[in-house]
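K.L.:
The structure follows.
The values are calculated or read from the model by the stated rules, or taken from the named source; none is laboratory data. These numbers come from a predicted model, not from an experiment. Cβ coordinates were reconstructed from backbone atoms using ideal geometry, including for glycine residues, and neighbour counts include every protein chain displayed.
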Amino acid sequence: VNHQTSSITEPVVNPVGTRTLTSIFFSISTLVTKTICAPQCNGRCFGPNPNECCHDECAGGCTGPLKTKCFACRHFNDSGACETLCPQPMIYNRLTFQLEPNPDAKYQYGGVCVKNCPHNFVVDRTSCVRTCPNDKMEVEKNGQKMCQLCEGLCPKACEGTGIGSKYQTVDSSNIHRFINCTKILGNLDFLITGLEGDPWHNINALDPEKLNVFRTVREITGYLNIQSWPKHMQNFSIFSNLVTIGGRSLYNRGFSLLIMKNMNVTSLDFRSLQEISAGQVYITENRQLCYCNTVNWARLSRQRSDLNIKSNKSPRKCIQEGKVCDPLCSSDGCWGPGPDQCVSCRNYSREGVCTVSCNFYEGESREFAQGSVCLPCHPQCQKIEGGLTCNGQGADECVTCANYK
């Protein structure tokens, strides 16, 4: 059975050439694509004979058998030749049995292979893309914008509340704006009108579960102001990943951290907080709050901050109730109960939890210490009984290899 291709209704651009002589080219392409093809040509040919088939990478017809003679490409146009893929960034060396950088690599840009992506596009592996996917962030390397896989959650900056913002407090109308935020540009205010609702502005009470969106926040460039908190929540563990309070903008009389009149809060639980760059600390009238007097606040500040910590639960009552720092904490104090709430550790830490020692000589997973932090040996290290398994994190740091070296 003979097959006939559909005629082309618009001028087709030969990938080898340009749009010059369009009318002549249109006449040729229309004539050729109306040719009755031999069955083995799958409907694409430049003549009626079995040896006059178009190349498999052609789309819409051709003027000859080569992949450079196509009217259009099925996949990609690489400098006039139709290819299944653009030249890949890595090629296999059959002599060394290794993947090596390909000096002729190109990127996919629409249906064309290009040596460099346009300046307003980003490289994602082998392609030019408008934006990076959700699990990657845009970085610049050697003048080239590229998508790089994020370690954990990708950085996302979000506008805060209070000074300079259209929102005066976190509330039910804006809580969704903080989903997946890692950096707050400005401040965070928690006021009673946000937590319990504001009928005057037709704002409903905030569902406390939605406060968990702040677990991704690592930096607040301004201040943190907490004057209202859900009654059943006894700490601020939603900020367990907060590392820095910048203090670029300050609340009222110069506060970068203000916590007051939260009657059910028993501990701060700011377990990751390492720096309060500027401003004063004001923690007062939190009747059940313990542990805050143990914190070495000077450790967190580049400049000595003025502290105003008063009218919370008395340190004496806290001690009587057993609300004291874990023995594994150092003299820098703690944010709450347990070895995971220490400001710093007396001995070592593993994944943010203080421990007596690393697994140097025993344990299922052997470790080494980087400073006072326990880190696992490489999986290729042979576990040594009664001795060190590794001296560092890489496979080249093993004392003995589990397989081959």
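Yes or no, residue by residue, for (1) buried (at least 22 other Cβ atoms within 10 Å of the Cβ); (2) in contact with a Pro (Cβ under 8 Å, 6 or more places away or on another chain):
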{"position": "Val213", "(1), (2)": "no, no"}
{"position": "Ile220", "(1), (2)": "yes, no"}
{"position": "Pro230", "(1), (2)": "no, yes"}
{"position": "Met233", "(1), (2)": "no, yes"}
{"position": "Asn241", "(1), (2)": "no, no"}
{"position": "Gly247", "(1), (2)": "yes, no"}
{"position": "Gly254", "(1), (2)": "no, no"}
{"position": "Leu258", "(1), (2)": "yes, no"}
{"position": "Asn264", "(1), (2)": "no, no"}
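K.L.:
Please state which one of Asn293, Asn308 is more than 17 Å from Gly254 (Cα to Cα) and among the polar types (S, T, N, Q).
P.N.:
It is Asn293.
K.L.:
Please work out if Glu275 is touching a Lys or Arg at 6+ places or on another chain (Cβ under 9 Å) and farther than 23 Å from Met233 by Cβ.
P.N.:
Here the answer is yes, as Glu275 does meet what is asked.
K.L.:
Just to be sure, is Pro315 surrounded by fewer than 20 Cβ atoms within 10 Å (Cβ to Cβ) and outside the structural domain of Phe255 (by the TED database)?
P.N.:
no
K.L.:
Another question about this same structure. Tell me which residues, restricted to the range 138-147, are surrounded by 14 or more Cβ atoms within 10 Å (Cβ to Cβ) and either of a type outside the set (A, V, I, L, M) or modelled with pLDDT under 90 (or both).
P.N.:
Glu138, Lys145, Cys147
K.L.:
Of all residues in the range 331-366 being of a type in the set (Gly, Ala, Ser) and closer than 26 Å to Cys377 by Cα, which is surrounded by the most Cβ atoms within 10 Å (Cβ to Cβ)?
P.N.:
Among residues in the range 331-366 that are of a type in the set (Gly, Ala, Ser) and closer than 26 Å to Cys377 by Cα, the one surrounded by the most Cβ atoms within 10 Å (Cβ to Cβ) is Ser349.
K.L.:
Please pick out the residue among Phe270, Phe255, Phe239 that is within 27 Å of the chain's Cα centre (by Cα) and free of Cβ contacts under 8 Å to residues at least 40 places away in the same chain.
P.N.:
Answer to the selection: Phe239.
K.L.:
Inside the range 318-405, counting only strands (runs of 3 or more DSSP E) that do not spill past its ends, which hold 3 or more residues that are under 27 Å from Ser272 (Cβ atoms) and either of a type outside the set (S, T, N, Q) or in the same structural domain as Cys292 (by the TED database) (or both)?
P.N.:
The qualifying strands (runs of 3 or more DSSP E) are 367-370, 373-376.
K.L.:
Condition (residue is part of a helix (DSSP H, G or I), touching a Leu at 6+ places or on another chain (Cβ under 8 Å) and among the β-branched types (Val, Ile, Thr)) applied to the range 181-193: is it met by at least one residue?
P.N.:
No, because not a single residue in the range 181-193 is part of a helix (DSSP H, G or I), touching a Leu at 6+ places or on another chain (Cβ under 8 Å) and among the β-branched types (Val, Ile, Thr).
K.L.:
Mind telling me which of the residues Arg248, Arg215, Arg177 ends up being under 17 Å from Ala157 (Cβ atoms), modelled with pLDDT under 95 and either of a type in the set (D, E, K, R) or outside the structural domain of Leu300 (by the TED database) (or both)?
P.N.:
Result of the check over Arg248, Arg215, Arg177: Arg248.
K.L.:
On to the next question. Does the range 138-159 include one or more residues that are assigned to a strand (DSSP E or B), closer than 30 Å to Gly197 by Cα and touching a helix residue (DSSP H, G or I) at 6+ places or on another chain (Cβ under 9 Å)?
P.N.:
Yes, because at least one residue in the range 138-159 is assigned to a strand (DSSP E or B), closer than 30 Å to Gly197 by Cα and touching a helix residue (DSSP H, G or I) at 6+ places or on another chain (Cβ under 9 Å).
K.L.:
Just give me the residues in the range 146-197 being under 28 Å from Arg130 (Cβ atoms) and of a type in the set (Val, Ile, Thr), in sequence order.
P.N.:
Answer for the range 146-197, where residues must be under 28 Å from Arg130 (Cβ atoms) and of a type in the set (Val, Ile, Thr): Ile179, Thr182, Ile184.
K.L.:
Please work out if Gly152 is at pLDDT below 90, surrounded by fewer than 16 Cβ atoms within 10 Å (Cβ to Cβ) and within 24 Å of Arg215 (Cβ to Cβ).
P.N.:
Yes: the conditions hold for Gly152.
K.L.:
Moving on. Any residue in the range 279-286 that is at pLDDT 95 or above and either within 20 Å of Ser330 (Cα to Cα) or in a loop (DSSP other than H, G, I, E, B) (or both)?
P.N.:
Scanning the range 279-286 turns up at least one residue that is at pLDDT 95 or above and either within 20 Å of Ser330 (Cα to Cα) or in a loop (DSSP other than H, G, I, E, B) (or both).
K.L.:
Could you list, in sequence order, the residues of the range 37-56 that are of a type in the set (D, E, K, R) and buried (at least 20 other Cβ atoms within 10 Å of the Cβ)?
P.N.:
Listed by number, the list holds a single entry, Arg44.
K.L.:
Could you tell me how many of the residues in the range 292-310 are in contact with a Gly (Cβ under 7 Å, 6 or more places away or on another chain), at pLDDT 95 or above and under 20 Å from Asn225 (Cβ atoms)?
P.N.:
Residues meeting the conditions: 1.
K.L.:
Something else now. Quick one: in the range 113-123, which of the residues that are assigned to a strand (DSSP E or B) and in contact with a Ser or Thr (Cβ under 9 Å, 6 or more places away or on another chain) is nearest to Glu140 (Cα to Cα)?
P.N.:
Taking the candidates together, the pick is Val122.
K.L.:
If you don't mind, there's one more thing I want to ask. Starting from residues that are modelled with pLDDT of 95 or more and in contact with a Gly (Cβ under 7 Å, 6 or more places away or on another chain), keep the ones in the range 188-204 and report whichever is farthest from Ser249 (Cα to Cα).
P.N.:
The qualifying residue farthest from Ser249 (Cα to Cα) is Asn204.
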